[in-house]
């Protein structure tokens with residue numbers, strides 16, 4: 001199918017000449033005024049190229065081509081005129097976003113080559129938009145699948161009050177988390193942040209999530225519950241950066257609800273916060289580098305008391321690295337201050353309060369990265 005071009009000029013002789021000289025190469029339509037041309041665009045468009053005269057009764061070419069851009073933003077806009085003053089050319093380029101500015105009479109070969117270049121530009125733009133559409137569909141599908149793997153309902157944990165919030169960014173990110181009852185005494189949880197954004201990060205997050213399911217062998221060693229450093233070592237072996245071209249951070253914990261203890265390990269994750277019932281605040285980030293680097297730094301486990309009234313707040317770096325319009329980060333300091341000032345709040349109130357504070361801080365910049373928070377209070 002021949003590319004479609006619309007010529008707009010108040011001189012019928014010029015329009016006839018264009019049809020005769022170009023009909024072998026393009027499907028040429030004509031309009032004798034800008035108003036007629038706009039009707040054609042709305043009713044018969046889109047066109048690959050619109051070529052307009054500069055000076056026409058009722059509406060000049062610059063104004064007309066600006067309106068063309070509003071009706072069909074992808075259409076390539078050109079101006080062919082006998083008025084070749086510099087100011088008109090500059091206005092045409094700046095206001096109408098003109099692709100080319102040619103003077104009459106334009107040599108036939110030059111006009112043909114310019115139109116072919118415009119067609120190439122149009123085709124590239126349409127192809128790019130189609131690829132972007134397909135990519136956006138893939139991202140939406142990946143985001144949907146990723147959210148399907150997040151906890152659907154709160155686990156039945158009589159001694160723990162649990163609340164979480166997951167707010168994905170405008171781009172598909174790599175945050176994922178889970179919490180589940182492993183046996184009558186122990187509850188497992190983890191919060192993970194895969195590097196980068198996009199389908200690859202989302203799919204790797206799902207793979208990590210599946211590796212840490214209740215029936216997974218990673219959770220046990222010699223028939224007993226594996227300590228966090230063992231789990232992190234195995235994740236590091238199973239997800240090398242050479243294979244996946246990604247690394248990730250994770251905070252992994254085991255809560256013994258009977259003994260009221262927390263055993264945890266961190267692989268390059270942000271310091272997680274324990275809000276003690278007495279009003280004090282502690283940070284947890286026991287050793288180890290990010291997952292995927294082949295055990296460059298040994299992973300460690302630590303155990304601490306998790307008494308009644310204590311709250312553990314886990315989160316990903318989308319919380320503390322959130323930037324406002326001036327590129328200032330929300331920061332760990334601000335998060336600690338908020339938690340200290342609202343230590344007495346229940347998990348839901350605390351998490352929603354932090355989220356609202358981030359939104360207030362971020363302003364128009366909100367939506368940069370995934371925000372994940374998981375809060376657990378020992379009853």
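The table below lists the values:
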read-out: Residue in region 177-194 that is in a strand (DSSP E or B) and without any contact (Cβ under 8 Å) to a residue 12 or more places away in the chain present; value: no
read-out: Residues of region 339-356 satisfying the condition of being in contact (Cβ under 8 Å) with a residue 12 or more places away in the chain, in a helix (DSSP H, G or I) and within 21 Å of residue 191 (Cα to Cα); value: 339, 347, 348, 350, 351, 352, 353, 354, 355
read-out: Single match in 95, 120 (criterion: at pLDDT 80 or above and under 36 Å from the mean Cα position of the chain (by Cα)); value: 120
read-out: Some residue of region 365-376 being in contact with a strand residue (DSSP E or B) (Cβ under 7 Å, 6 or more places away or on another chain), at pLDDT 95 or above and exposed (fewer than 14 other Cβ atoms within 10 Å of the Cβ); value: no
read-out: Tally of residues being surrounded by 19 or more Cβ atoms within 10 Å (Cβ to Cβ) and in a strand (DSSP E or B) across region 5-28; value: 5
read-out: Among residues of region 260-287, those that are at negative phi and in a loop (DSSP other than H, G, I, E, B), counted; value: 10
read-out: Qualifying residue in region 283-293 (condition: under 17 Å from residue 162 (Cβ atoms), without any contact (Cβ under 8 Å) to a residue 60 or more places away in the chain and buried (at least 18 other Cβ atoms within 10 Å of the Cβ)); value: no
read-out: Region 196-217 - residue that is surrounded by 19 or more Cβ atoms within 10 Å (Cβ to Cβ) and in contact with a helix residue (DSSP H, G or I) (Cβ under 8 Å, 6 or more places away or on another chain) and, of those, modelled with the lowest pLDDT; value: 202
read-out: Out of 262, 313, 293, 235, sole residue that is within 23 Å of residue 344 (Cα to Cα) and in contact with a helix residue (DSSP H, G or I) (Cβ under 8 Å, 6 or more places away or on another chain); value: 313
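Rundown of residues vs (1) at pLDDT below 90; (2) assigned by TED's automatic domain parsing to the domain that holds residue 17; (3) in contact with a helix residue (DSSP H, G or I) (Cβ under 6 Å, 6 or more places away or on another chain), yes/no style:
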{"residue": "32", "(1), (2), (3)": "no, yes, no"}
{"residue": "35", "(1), (2), (3)": "no, yes, no"}
{"residue": "62", "(1), (2), (3)": "yes, yes, yes"}
{"residue": "78", "(1), (2), (3)": "no, yes, no"}
{"residue": "84", "(1), (2), (3)": "yes, yes, no"}
{"residue": "91", "(1), (2), (3)": "yes, yes, yes"}
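The values are calculated or read from the model by the stated rules, or taken from the named source; none is laboratory data. Please read these numbers as outputs of a predicted model, since none were measured by experiment. Because the Cβ atoms are built from the backbone with ideal geometry, glycine has one as well, and the counts that use them run over all protein chains shown.
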